[in-house]
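Everything below concerns the one structure shown next.
FYI, it's all coordinate maths here, none of it is from the lab. Predicted model, so just to flag it, every value in this text is computed and none were measured. No Cβ is skipped: glycine too gets one built from the backbone with ideal geometry, and neighbour counts run over all protein chains shown.
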Amino acid sequence: MAEEFLSPIDMLLDENNTENIKLYNEENQEVEFEQIALVPIENKTYAILKPAQAMEGVADDEAIVFVIDEIDDEDCLVIVEDDAIVDQVFEEYYKMLKEEGVDVE
C-alpha cells in the first residue's frame, strides 16, 4: 500500500509526527528540518524548525521561524524576516517550556 502523502504543514500539525520536515529552497533543492515547536500567537501559527544539515547563514545551535500563511488559497510555510516577530515567537516558546516545567535560561 502506498504511503499517504502529508504536506509539510500536515506533518507539523500532526502532534504524533516525529519525522523531519522536507521543504524546498529557492533553487528547488530539498532541505530537511527538525521540528522544534509550533507556537500559536494571536491568529497565526509559527513553526520553529532547525536545519537537519549545516545551512549557510544558520549556526548549528540556531533555528528558523516560519509562519503558516495562506498564499493563493493554499497554506504555505514562509520564513519570518521580522526580528521583532522572531523574538516574540521565541519568548512565547520559552514561556510554553517553562509551563511544562522545562528549565530555560
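Figures for the structure shown
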item: Cα-projected label distance for residue 6 with residue 96, points at 7 Å along beta-carbon direction, nm; result: 1.6
item: Expected 222 nm ellipticity per residue - DSSP helices of 4 or more, -39500 (n - 2.57), all of the chain, to 500; result: -6500 deg cm²/dmol
item: The chain: projected area of the alpha-carbon convex hull, averaged over directions, in nm²; result: 8.7
item: Helix axis angle, 83-99 relative to the chain longest principal axis, alpha carbon, degrees; result: 70
item: Dipole magnitude of the chain, debye to nearest 20 (Cβ charges: Lys/Arg +1, Asp/Glu -1, about Cα centre); result: 260
item: Percent RCO, i.e. relative contact order, over the stretch 8-99, from Cα pairs under 8 Å lying at least 6 residues apart; result: 19
item: Under 14 Å, Cβ to Cβ, from residue 60 - net charge with Lys/Arg +1 and Asp/Glu -1; result: -3
item: Against the rule of thumb 2.2 N^0.38 Å, how large the Cα Rg of the stretch 1-58 comes out; result: 1.24
